[in-house]
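To keep things clear, I will list the structure first and then write my remarks on it.
Just so it is clear, none of the values below were taken in a lab; they were calculated from the coordinates. The model shown is predicted, which means the values in this text are computed figures rather than measured ones. FYI the Cβ positions are ideal-geometry reconstructions off the backbone, even for glycines, and counts take in every protein chain you see.
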Amino acid sequence: MGAPKQELWIAKYRCQMPGVNIFMAVGAALDFEAGNKPRAPQFWSDLGIEWLYRLMSEPRRLWKRYLLEDLPFFKLLLEQKLKQITKK
């Protein structure tokens, strides 16, 4: 399904599944495990920029999610990092 569809589906239908205690939106993990999509080379992952590799692999599909919708998240990360730096 992909983000945010999988999260919205869980939010909508979880009340109809009272016997289910854990819901997981796993995103591309299933495609990686099934071999449908390749993982980024290890050095991309080691640098923490596997998202950039994925963006370059599927720019038409992922550009909006990564470059627009994720901006508030990156702002929070930057603020947290700046607080850590100024405390030192």
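Per-structure values
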read-out: Whole-Å semi-axes of region 1-50's equivalent ellipsoid (Cα gyration tensor); value: 29, 11, 10
read-out: Net charge of Cβ neighbours under 11 Å - reference ALA25; Lys, Arg +1; Asp, Glu -1; value: 0
read-out: For LYS37, distant residues with modelled amide H under 5 Å away; value: PHE32
read-out: Rounded, prolate or oblate (a/c below 1.5 giving rounded, otherwise prolate when a/b exceeds b/c) for the chain by Cα gyration tensor; value: oblate
read-out: Share of Cα-Cα pairs in region 41-88 lying beyond 15 Å, as whole percent; value: 58
